[in-house]
Structures are given as structure tokens and as C-alpha cells.
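Inspection log for the structure reproduced underneath, given as C-alpha cells.
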Amino acid sequence: MTSQSQEILDACTSGHVAALQRLFEANSIQGSKPVYISSADGPPPANSMLGAAIMNGHLDVVSLILRTYSETKVQFTGKTIEALVRHPNLDILQALYDYDRTVVSFEWDNHTDTFVTKACEQPPEKITSLLHFLIEHDADLEAGYFPRTLCNAILGGQTLGVIEAMVNKGATLSTQVMRQAVVCERVDVIKFFMDTGVKGDANDAAYLRSEAEETGNEDVVEIVQQWISDGGWVIDDGKLSGGPRVAQRLKRFFTGRD
């Protein structure tokens, strides 16, 4: 990396907007195309600059970078999103959203991790406001080859309000999600599912009862029993589906037994 590239990154880190503006002008970066790979004679990658600014909470620097690349827009990478997940800042997120509204549905190349699922891995006291922003601004909650937004939210201990908001926005309530609530002993989430009318079939009911009993938590066992006794858990012997139910397949996966 050249000394000028390092100076640019240092200005992004320190929040020295005037110095950064001068460096952009001196290196003819204003109005140029963003770069994504470090080179011996070019500017730092755009997402490296954004990441440095985001990690240090410099909204004015982020805004300058986005204005600098107003003609050919920056394609955000995991570096930028990861920085925002680890250092949540709603003002910066709003700036990124105003620049490119698809940012809320960012998906990593593995097609399993998304902005939302990564955010769910952070402590709720740190990330709740950011998650609500993503949900309210129509983040894709079903992205990826195997959507797991609700599972990640429950596993990450996210608030009931976040989980309710996800469900209200159409996140899939699968058997795996129901199981996650049970094994994580989230009585509040189970009650929400029950009050919302979420049900499966008789096999699902038996599976969830078994999982509840294995937790050893009397409150979980009691609420699950209320839930599955609420009617509507229909009998399905597998003939219609042509094979084992989702609950059976999940139990085999997690426990190695039927």
C-alpha cells in the first residue's frame, strides 16, 4: 500500500474530513470509479475506507465517501456490512440506505448469511435498534438457500419485539423455528406462537413435546403442553407427503434417532 493510500485510510479512521477531501482531490478520486482490490498505485478499496469510517462512527466521512462515488456507485461488500453489524450506528445505516436501498438485504456469497442473520448474532442490547431498522425498511427475511432468519433471532436471544416484527413482515414459521424456541427455552416466543395460532401436525406436536421435556424446564414443558393441546395439530401419517414429516427429519438430523 502506498503512503497516500495509508494517509487516506488514516483520515477515514480519525474522522479528519478536510484532510480526506484534500487527499481525494490530490489523487483525482472525486468522480472516479470505486476500486475493490488494493493495488500498488491506486486508492484504497472503497469498502476499506467505509469500514474504517464505520468502525469509528464517522458519519461525515461515510457521507463524503458516498458523495465521492456518486456517479459509479459503490457495491457494498461484507467488509462494510460486518463493520456496521459490529459497530451499529443508525445514522450511518440511514446514509447507506439513502445511497443504495438494497443494502438492507445484503447477502454474503455463501447465500446463507445476510445482513439480518449476521446482526442477529450480536447481543440484543447492542443490535435491537438496527434490526428494527432493517425489518421496517423491508430487508429480505427469506434470503439465502436455507432461510434461517427467525432461528438466528431466537438463538441470538433477540427481543420478542424483534421476533414479532419479523413474523409480521412474513418470515417463515417452520418446524425448525418452533423447535428453536423450545430448545432455547424461550417461553415468551412460544407463547407468542401459540397466541398467533402457529400449529403443525400431530408429529410436530409429539416432537416439540419431546424436545420440551428434554430441556428439564417446567415452564417450557407447561407452555408447550398448552400449545399442542390447543387443537388444530392434525394427524398426518406421511402418506400425503410421501415420506417423513419435517419434524421427523429434523429429529433425525439433531439426535440421530426417530
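The values are calculated or read from the model by the stated rules, or taken from the named source; none is laboratory data. Computed from a predicted structure; not experimentally measured. Glycine also receives a Cβ, built like all others from the backbone with ideal geometry; neighbour counts cover every protein chain displayed.
Here are a few things to note about the model shown:
- Asn110 meets all of the listed conditions (1) touching a Gly at 6+ places or on another chain (Cβ under 8 Å); (2) at pLDDT below 95 but one, namely (1).
- Flag for Val61 being buried (at least 18 other Cβ atoms within 10 Å of the Cβ), in contact with a Phe, Trp or Tyr (Cβ under 9 Å, 6 or more places away or on another chain) and of a type in the set (A, V, I, L, M): no
- Scoring Thr114 on the criteria (1) in contact with a strand residue (DSSP E or B) (Cβ under 6 Å, 6 or more places away or on another chain); (2) in contact (Cβ under 8 Å) with a residue 40 or more places away in the chain leaves a single failure, condition (2).
- Members of segment 135-173 found to be outside any loop (DSSP other than H, G, I, E, B) and of a type outside the set (Val, Ile, Thr), listed by number: Glu136, Leu150, Cys151, Asn152, Ala153, Leu155, Leu160, Gly161, Glu164, Ala165, Met166, Asn168
- Residues that are under 22 Å from Met166 (Cβ atoms) and not small (Gly, Ala, Ser) number at least 2 in the following helices (runs of 4 or more DSSP H) confined to segment 41-104: 78-86, 90-99.
- Residue count for segment 204-233, restricted to those that are among the small types (Gly, Ala, Ser), over 13 Å from Ala181 (Cα atoms) and in contact with a helix residue (DSSP H, G or I) (Cβ under 9 Å, 6 or more places away or on another chain): 4
- The one condition in (1) surrounded by fewer than 15 Cβ atoms within 10 Å (Cβ to Cβ); (2) touching a residue at least 12 places away in the same chain (Cβ under 8 Å) that Ala18 fails to fulfil: (2)
- Checking Glu214, Glu185, Glu218 one by one, the residue that is outside the structural domain of Ile127 (by TED's automatic domain parsing) and on the phi > 0 side of the Ramachandran plot is Glu185 and no other.
To keep it simple, each residue is scored yes or no on (1) touching a Cys at 6+ places or on another chain (Cβ under 6 Å); (2) surrounded by fewer than 16 Cβ atoms within 10 Å (Cβ to Cβ).
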residue: Leu84; (1), (2): no, no
residue: Asp91; (1), (2): no, yes
residue: Asn110; (1), (2): no, yes
residue: Ala119; (1), (2): no, no
residue: Asn152; (1), (2): yes, no
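To keep it simple, each residue is scored yes or no on (1) in contact with an Asp or Glu (Cβ under 8 Å, 6 or more places away or on another chain); (2) among the β-branched types (Val, Ile, Thr); (3) not assigned by TED's automatic domain parsing to the domain that holds Val116.
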| residue | (1), (2), (3) |
| --- | --- |
| Val17 | yes, yes, yes |
| Ile29 | no, yes, yes |
| Ser32 | no, no, yes |
| Gly51 | yes, no, yes |
| Asn56 | no, no, yes |
| Pro88 | no, no, yes |
